[in-house]
1. Given the rule -39500 (n - 2.57) for each run of at least 4 DSSP H residues, summed and divided by the residues of the chain, what is its mean residue ellipticity at 222 nm, to the nearest 500 deg cm²/dmol?
2. Quick one: net charge of residue 14's neighbours, Cβ under 14 Å, K/R +1, D/E -1?
3. Using a Gaussian network model of the chain whose springs link C-alpha atoms within less than 10 Å, name the residue from 229, 259, 43 with the highest mean-square fluctuation.
4. Report relative contact order for the chain in percent, whole number only (criteria: Cα-Cα under 8 Å, sequence separation at least 6).
5. Have a look at 190, 215, 175 and report the one farthest towards the positive end of the charge dipole of segment 124-233, computed about the Cα centre with Cβ charges (Lys/Arg +1, Asp/Glu -1).
6. Hey, in the GNM for the chain with a 10 angstrom Cα cutoff, which one of 364, 91, 176 fluctuates hardest?
7. Provide the per-residue ³J(HN,Hα) series for segment 256-269, in order, calculated from phi with Karplus coefficients 6.51, -1.76, 1.60 and θ = phi - 60°, each as a whole number of Hz, with x at glycine and proline positions.
8. Taking springs between alpha-carbon atoms closer than 10 angstrom, which of 304, 153, 133 fluctuates most in the Gaussian network model of the chain?
Amino acid sequence: MRSLVQRHQIKAALVTPILQDDKLLGLICAHVCAAPRQWKEVEADLLQQLADQIAIAIAQSELYQQAQQLNADLEEKVRQRTEEVERALNFESMLKRITDRVRDSLDEGQILDAAVRELTLVLELSGCNASLYDLDQGISTICYDYTNSIPTYQGRVAQMDRFPEIYSQLKDGLYFQFCSLLPNPVRGQVAMLACPIFVDPDSSQGMDQAVLGDLWLINHRDYEFNEDEIRLVQQVANQCAIAIRQARLFQASQAQVKELEKLNRLKDDFLSTVSHELRTPISNVKMAIHMLKNAPDETRRQRYLQILEAESTREAELINDLLDLQRLEVAAGPVTLETLPLQRWLLALIEPFKTRISHRQQRFEVNCPADLQPMTCDFGMLQRILAELMNNACKYTASDHQITLTVWQADNFTVFQLQNQAQISTAELPHIFKKFYRIPDA
């Protein structure tokens, strides 16, 4: 102040403080440079009033600035809150679309494809993909991919044991986010969020694995996924898990339905076959009894009695076959081993088929060397097998075609080969050992 007075050669000065609640805001100074002056009281009062008005003006200015700042802060908060509400509504709308798909569809492919597309668009990501796990082989395959600004990785297969720090957490049902330290040669340096598609073990309903796959979200390297986004991705992953579980349970139920339908057809075929086979001897017995009553001489009566005996034996064998089948089902069937001359036993087996083959105008050739060694086995079982093969050969060989039975021994094995001039298609070959299976339209 003193230097100011000296510099301007002030002769008289009147100074009044500008106060606000005992706080000094500044000074108001009136001065005269020409000559000394005695200030009047009215001048001092006037200067004081001016200082008071300036203090009021400064206070009003500060209040106005505070009001302006409060208003700006409030507008910013309203804007942020509006954005949060809009974002929450977008999240809720997206989750509802995915939930509706899960409810209305049993196609896991459509649902997972929609999930990665919705996440990419709603969260404005660079890309998103969904992988499915094969824990038996230890691989993860990217099956569904949607990208905005990065190359696609769909179809890529990752060996889990090569990245234990990643897949150990995902298989435990834990999510994580990170930024790649080294730039990817294709995608560059990006920020990623990995979230498992996880089924609660308590509600897995017998599924082989709890972690079915994962969701990967990719964005630019400076991006950080917030809690709301992570929570949304977890909810989407839960919906994907539900979709996969529903689809696989549906596929399993459809397979069971088809298997039951197949078993039902086999049962119907079995009942049809058994009823036919059981009725045939009974019909022959009835016919033989009728003919026996009207037989004119003893020779014919003996012939009809032989037919009755043969057909009764055949009926008993059919019933025994059914009982043996039941015992085989529970692995309780007895095995009776005996040693017999093979050629004589075989000729006795095929003798009844010669008449049938002749009536069907088929040709029959037997290649059975006379020097075959005696064989030890359950001849009852072997007889049923060969008889069934002979029955099928007779049934499915056209007239004027040949059936050939060949037997030979080598390396302590006896081989029976029965051939005819009919073929079984390659598609039907896997079914030849199934019970009562018949080729459709054969």
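Where a number appears in this text, it was derived from the coordinates with a stated rule and is not lab data. What you see is a predicted model; the values in this text were computed from it and never measured. Heads up, the Cβs are rebuilt from the backbone with ideal geometry, glycines too, and the neighbour counts pull from every protein chain shown.
1. Values: 8 runs with 228 residues, N = 442.
Theoretical 222 nm ellipticity from helices: -18500 deg cm²/dmol.
2. Taking every Cβ under 14 Å from that of residue 14, the sum is 0.
3. Greatest mean-square fluctuation among the candidates belongs to 43.
4. 8 percent
5. Projecting each Cα onto the dipole axis, the largest value belongs to 190.
6. Largest GNM mean-square fluctuation: 364.
7. 5, 4, 4, 5, 5, 4, 5, 4, 5, 5, 4, 5, 5, 4
8. Greatest mean-square fluctuation among the candidates belongs to 304.
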